[in-house]
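A quick write-up on the structure given underneath.
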Amino acid sequence: MNAKPNRWVAVLLGIFLQPGAMLYVARPGWALFYFLLALTMGVLGAIYSRAQSGENLIVLIQFAILLACAAHAYHLARTYPDGKRRPAYSRWYGLLGAMAAVFLIVITVRAFVVEPNRYPSSAMLPTIPRGALLITQKWGYGNYSLFGVNVHRSPITSPLVRGDIIVFEFPMDRSVPFAQRLIGLPGDKVSYKGGRLVVNGEALALRQIADFMDPKTSERLRAFVESQGDIEYSIIRQQEARDTASMVVDFPHRDRCIYEADGLTCDVPPDHYFVMGDNRDQSADSRVWGFVPADHVVGKVRYIVR
């Protein structure tokens, strides 16, 4: 029972499971170090995955880390003191238990607390660039799922405020996650005409700022700062607004919206929300496909990693 760690098992674990390799050679402090290092590299990989050069550098660093860990684990296994009793966590059942615990923690955090999402659209420019990483708070919004599999549902208990960016299941296909700006709460009257937004009879403050340069088309677009209460955010508009009314589909509670040549007015139903993209003339949103039911809300975007 006091057998020294096998050097080649330590090497294999160092290549494929660095924290496990350190536990195997009875070095829990080093196991924590490699675990935190793996988390850091995972975050950096997610941040720089849009830049080919940055992604290549991260891959090289990760490869260097696993080689260094394998060599480190080999050395610690070779120099493990003869006759020293190995703790339970360094044996196969301890390693399996540690891996199961880490796995459970990771899936619990992702299902119930926070979740990263890659944003594929330009509908939220200039706030969210195409391909940006969104860190979404899920706790308190009642829609807990993991990789498309629902785990638990409960009523929303955390506040949603006009101007928040929320992540939700697309009403026409709940398997597709969307992220857009919350404009109208249940019971609100929302009007969007001639490029001006009015909520409950109050026009939102709007001031023009420097033009936005679309990184994809190099087109200069008019940019504005819009305000909802204490929340300010930037929006962009085309020189000629797109005819949204021609794109409208049939959706639940469509009778609560009145479409006119210059825009629309909607009464938001109970337990529903009205959302819009910040790229106002290049966004399919509640103007086109309707309201977001409360049980479709996944969470609120807390951080945008560009």
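The values are calculated or read from the model by the stated rules, or taken from the named source; none is laboratory data. Bear in mind that the values here come from a model prediction, so they are computed numbers and not experimental data. Every residue, glycine as well, gets a Cβ built from its backbone with ideal geometry; the counts of neighbours run over all protein chains shown.
Mind checking which residues of segment 285-306 are assigned to a loop (DSSP other than H, G, I, E, B) and closer than 14 Å to residue 183 by Cα?
Within segment 285-306, the first condition is being assigned to a loop (DSSP other than H, G, I, E, B), and the residues that meet it are 285, 290-291, 306.
Selection gives 285, 290, 291.
In this structure, residue 207 does not satisfy being in contact with a strand residue (DSSP E or B) (Cβ under 9 Å, 6 or more places away or on another chain) and within 28 Å of residue 174 (Cβ to Cβ). Among residues that are within 15 Å of residue 282 (Cβ to Cβ) and free of Cβ contacts under 8 Å to residues at least 12 places away in the same chain, residue 220 is included. Does residue 104 satisfy being over 18 Å from residue 300 (Cα atoms) and either surrounded by fewer than 16 Cβ atoms within 10 Å (Cβ to Cβ) or more than 17 Å from the chain's Cα centre (by Cα) (or both)? Answer is yes for this residue. The number of residues in segment 36-84 that are hydrophobic (A, V, I, L, M, F, W, C) and either at pLDDT 90 or above or not assigned by TED's automatic domain parsing to the domain that holds residue 18 (or both) comes to 14.
Among residues of segment 254-283 being within 20 Å of the chain's Cα centre (by Cα) and of a type in the set (A, V, I, L, M, F, W, C), the one that is farthest from residue 169 (Cα to Cα) is 276.
Between a first residue in segment 225-238 that is assigned by TED's automatic domain parsing to the domain that holds residue 203 and exposed (fewer than 13 other Cβ atoms within 10 Å of the Cβ) and a second residue that is in a strand (DSSP E or B) and at pLDDT 90 or above, which pairs have beta carbons less than 6 Å apart while being 6 or more apart in sequence or on different chains? From residues that are assigned by TED's automatic domain parsing to the domain that holds residue 203 and exposed (fewer than 13 other Cβ atoms within 10 Å of the Cβ), the pairs are 232/225. Residues of segment 158-191 that are outside any strand (DSSP E or B) and under 27 Å from residue 226 (Cα atoms): 158, 159, 160, 161, 162, 163, 164, 171, 185, 186, 187, 188. The residue that is modelled with the lowest pLDDT, among those in segment 260-272 that are of a type outside the set (A, V, I, L, M, F, W, C) and surrounded by 15 or more Cβ atoms within 10 Å (Cβ to Cβ), is 263. Against the conditions (1) within 18 Å of residue 288 (Cα to Cα); (2) free of Cβ contacts under 8 Å to residues at least 12 places away in the same chain, residue 159 satisfies every one except (1). Sort out which residues of segment 12-30 are within 23 Å of residue 83 (Cβ to Cβ) and surrounded by fewer than 23 Cβ atoms within 10 Å (Cβ to Cβ), and write them in order of number. Those that are within 23 Å of residue 83 (Cβ to Cβ) and surrounded by fewer than 23 Cβ atoms within 10 Å (Cβ to Cβ): 26, 27, 28, 29, 30. Of all positions in segment 207-219, at least one carries a residue that is surrounded by fewer than 12 Cβ atoms within 10 Å (Cβ to Cβ), of a type in the set (Gly, Ala, Ser), out of contact with any Gly (no Cβ under 8 Å at 6 or more places or on another chain) and over 24 Å from residue 120 (Cα atoms).
Scanning segment 141-156 for residues that are under 28 Å from residue 226 (Cβ atoms) and either without any contact (Cβ under 8 Å) to a residue 24 or more places away in the chain or assigned to a strand (DSSP E or B) (or both) yields one hit, 143.
May I ask you to list the residues in segment 192-204 that are exposed (fewer than 12 other Cβ atoms within 10 Å of the Cβ) and in a strand (DSSP E or B)?
Step one: filter segment 192-204 for residues exposed (fewer than 12 other Cβ atoms within 10 Å of the Cβ), giving 194, 201-203.
Matches in segment 192-204: 202, 203.
Please pick out the residue among 123, 77 that is out of contact with any Leu (no Cβ under 6 Å at 6 or more places or on another chain), surrounded by 15 or more Cβ atoms within 10 Å (Cβ to Cβ) and assigned to a helix (DSSP H, G or I). Within the list 123, 77, the selection yields 77.
Scanning segment 220-232 for any residue that is of a type in the set (Gly, Ala, Ser), at pLDDT 95 or above and under 28 Å from the mean Cα position of the chain (by Cα) turns up nothing.
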